[in-house]
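> For reference, the structure I am asking about is given below.
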Amino acid sequence: WDVTLTLAQPNQHNVNFGNAKTGEIKVVKEDTYGNKLEGWEFTLFIFDEDAEEEEDEWVEVGTAVTEKVIMEDDSEEIFALFTDLMPGKYKLVETLEDGFAFFDPDDGIIDDIMLAAGETKTVTFVNVELSEIKVVKEDTYGNKLEGWEFTLFIFDEDAEEEEDEWVEVGTAVTEKVI
């Protein structure tokens with residue numbers, strides 16, 4: 001390092017330099033069965049405690065995508081890695097892929113990652129793959145019928161009252177598919 005010192009005050013004799021060991025945040029992406037998933041994008045932000053406006057508190061650091069990595073012992077792992085990070089408070093935001101829903105965390109955001117100097121933190125995001133339900137309405141002769149409306153409900157195991165256990169998801173009407 002080349003350092004040039006210019007004395008601003010004649011009585012100033014000390015100059016302090018500080019260095020911080022950088023850290024890493026490793027992001028693991030899984031489905032609800034524990035399968036590691038490739039190709040998922042994450043955006044990392046650092047908290048700026050000196051920001052004057054609330055909307056400026058989180059500063060984007062960058063993005064990374066989960067990918068297969070060959071480790072030193074020749075094993076394979078799938079993860080995204082953010083490196084050379086200064087100590088501080090970080091937030092990770094997941095980009096949701098088609099056909100999936102957030103599961104853990106339930107909004108795709110982890111905003112309380114405290115990274116110490118030289119530390120490697122591993123965080124895991126879990127998503128549930130969406131399913132499809134097909135309803136076919138037939139008469140007693142096996143003829144498919146159009147125009148019948150069905151309402152789909154999901155069971156809410158956290159409901160406090162029995163009448164709140166079944167929550168309407170939506171309705172669909174049978175139609176002719178060619």
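The values are calculated or read from the model by the stated rules, or taken from the named source; none is laboratory data. Just so it is clear, the model here is predicted, and its values are computed rather than measured. As a convention, Cβ positions derive from the backbone with ideal geometry for all residues, glycine included, and neighbour counts pool all protein chains shown. The accessibility values were calculated without ligands, DNA or RNA, using every heavy atom of the protein model including side chains. Shrake-Rupley method; radii C 1.70, N 1.55, O 1.52, S 1.80 Å.
> What number of residues within the stretch 142-153 are closer than 19 Å to Leu130 by Cα and exposed (fewer than 11 other Cβ atoms within 10 Å of the Cβ)?
1
> Which is of a type in the set (Asp, Glu), free of Cβ contacts under 8 Å to residues at least 60 places away in the same chain and surrounded by 11 or more Cβ atoms within 10 Å (Cβ to Cβ), of Asp112, Asp104, Asp98, Asp139?
On inspection, the qualifying residue turns out to be Asp104.
> Right, here's the next one. Could you check how many residues of the stretch 156-174 are surrounded by fewer than 10 Cβ atoms within 10 Å (Cβ to Cβ) and either in a helix (DSSP H, G or I) or touching a residue at least 24 places away in the same chain (Cβ under 8 Å) (or both)?
Going through the stretch 156-174 one residue at a time, the tally reaches 2.
> Right, next: Considering only residues that are open to solvent by less than 60 Å² (accessible area, probe 1.4 Å) and of a type in the set (Val, Ile, Thr), which ones fall in the stretch 65-95?
Residues satisfying the conditions are Thr66, Val69, Ile78, Val93, Thr95.
> Further question on the same structure: Of everything in the stretch 37-61 that's within 14 Å of the chain's Cα centre (by Cα) and not aromatic (Phe, Trp, Tyr), which residue is most open to solvent (accessible area, probe 1.4 Å)? Write out each step before concluding.
The first filter runs over the stretch 37-61 and keeps only residues within 14 Å of the chain's Cα centre (by Cα), leaving 37-45.
Then drop every residue that is not not aromatic (Phe, Trp, Tyr), which leaves 37-39, 41, 43-44.
On the way: Leu37: 30, Glu38: 103, Gly39: 43, Glu41: 68, Thr43: 21, Leu44: 0 Å².
Only one residue tops the list, namely Glu38.
> Next up: Yes or no: the stretch 119-135 includes at least one residue that is of a type in the set (D, E, K, R), in a loop (DSSP other than H, G, I, E, B), at pLDDT 95 or above and open to solvent by less than 100 Å² (accessible area, probe 1.4 Å). Steps first, please.
Taking the stretch 119-135 as the starting set, the residues that turn out to be of a type in the set (D, E, K, R) are 119, 121, 129, 132, 134.
Narrowing the set further to residues that are in a loop (DSSP other than H, G, I, E, B) leaves 119, 132, 134.
Then drop every residue that is not at pLDDT 95 or above, which leaves 119.
From the residues that got through so far, the ones that are open to solvent by less than 100 Å² (accessible area, probe 1.4 Å) too are 119.
Within the stretch 119-135, one or more residues are of a type in the set (D, E, K, R), in a loop (DSSP other than H, G, I, E, B), at pLDDT 95 or above and open to solvent by less than 100 Å² (accessible area, probe 1.4 Å).
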